[in-house]
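The structure under discussion appears below in the form of structure tokens.
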Amino acid sequence: MTTVPIDTASSPGVVMELLYSLRVKDAMTSSVITASTTARLRHVQDLMREHAITAVPILDGERLLGIVSIGDIIQALDSGTMERPAAEVMTSSVVTLDEDMPLSFAVTYFDRYKYGRFPVLAVNGRLAGIITASDVLRRLLIALNEEIGRMEQRIAGRQPPSEGPLPSMELSFGSAPLDFTRAGNISARFKKTLTEKGCPPTIARRVAVASYELELNQVIHSSGGVMRMRVFEDTIEILAQDEGPGIPDLDLAMREGYSTANEWVRSLGFGAGMGLPNVKRVADDFSIESPPGKGTTVRALIAWAKESTN
């Protein structure tokens, strides 16, 4: 089962915002049908038939050890080995998601690995749930309906948006290297603050996209950094400063598809080389400084006055 890759050039802003703000645990199925390592494949087949599922996680207590798919069952039927224990045929190298990852991570996993489902782990490593592409779509539809309801309330006058510039403010948060479970938290805080202050949705979404991409860049490429949002009379500034190694070739870095992410990061489904081009695309003004060995500073301005045209 495959999904459409995330593409901020063509995806509606509200969908991108939801993918960044929702978590995997918001969409996953928490009640998971599982089997033990000693369960016979005949029993696993019965579970699949009874619950209309195509894969069964294999557990030792609450710890995930592997997964048996419908393909494994078909092979066992062909070879007449349905009495073998699940531990002997299960796939032990299982690609998993963490429950606190942004839902956008799940979309990149489905696109990269072409699997039909992914087990979801809690912070302590126990199996927390399982997620399919249908789960992601279902949760997005629910969230879109909720967003439409909020828009209708604003139109009706119960939640009027701001009619003028936002009050001046500044927010600043730190990011940590390779902290994928918290990636997106800063962007969500920026967006939440703007929304509470009456920022029009079109502006808030552009800020959310720009800050999310810059935050993720810091998580992947730097040794830690700071994300800062400053609101002025007619613009909102997103400033990302990190302590990374710098970018050797800025022209290459701004080309869509170019990335210096290592193989491990790419195996997780990230490092597609779209981050900086996406930030530039949603910003009204964009600049980047990255002297070798001295970190990177990216500045994106989103003009308040352009809200009515976006």
Legend entry - Residue check for ALA106: at pLDDT below 90 and either in the same structural domain as LYS25 (by TED's automatic domain parsing) or out of contact with any Lys or Arg (no Cβ under 6 Å at 6 or more places or on another chain) (or both): yes
Legend entry - Selection within segment 192-245 - surrounded by 17 or more Cβ atoms within 10 Å (Cβ to Cβ) and small (Gly, Ala, Ser): ALA204, ALA208, ALA210, SER211, SER222, GLY225, ALA240, GLY244
Legend entry - Any hit, segment 47-60, residues being at pLDDT below 90, surrounded by 14 or more Cβ atoms within 10 Å (Cβ to Cβ), closer than 30 Å to VAL282 by Cβ and β-branched (Val, Ile, Thr): no
Inset, instruction - State all residues of segment 19-46 that are within 30 Å of ARG206 (Cβ to Cβ) and either at pLDDT 95 or above or part of a helix (DSSP H, G or I) (or both); if no residue qualifies, say none. - result: LEU19, TYR20, SER21, VAL24, LYS25, ASP26, ALA27
Legend entry - Top-ranked residue of segment 113-139 - restricted to ones that are surrounded by 18 or more Cβ atoms within 10 Å (Cβ to Cβ) and either modelled with pLDDT under 85 or of a type in the set (A, V, I, L, M) (or both), ranked as farthest from SER69 (Cα to Cα): VAL136
Inset, instruction - Kindly list the number of the only condition in (1) crowded, with 21+ Cβ neighbours inside 10 Å; (2) modelled with pLDDT of 95 or more that fails for ARG84. - result: (1)
Legend entry - Enumerated helices (runs of 4 or more DSSP H) restricted to segment 213-285, each holding at least 2 residues that are at pLDDT 85 or above, under 17 Å from the mean Cα position of the chain (by Cα) and not basic (Lys, Arg): 275-282
Inset, instruction - Might you check whether a residue that is touching a residue at least 60 places away in the same chain (Cβ under 8 Å) and part of a helix (DSSP H, G or I) occurs anywhere in segment 77-92? - result: no
Inset, instruction - Only residues that are in a helix (DSSP H, G or I) and either of a type in the set (A, V, I, L, M) or within 16 Å of the chain's Cα centre (by Cα) (or both): list them for segment 165-196, please. - result: ASN185, ILE186, SER187, ALA188, ARG189, LYS191, LEU194
Legend entry - Selection count, segment 143-175, where residues are exposed (fewer than 14 other Cβ atoms within 10 Å of the Cβ) and either modelled with pLDDT of 75 or more or among the polar types (S, T, N, Q) (or both): 10
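The values are calculated or read from the model by the stated rules, or taken from the named source; none is laboratory data. Source: prediction; values computed, not measured. Glycine gets a Cβ as well: all are built from the backbone with ideal geometry, and neighbour counts include every protein chain shown.
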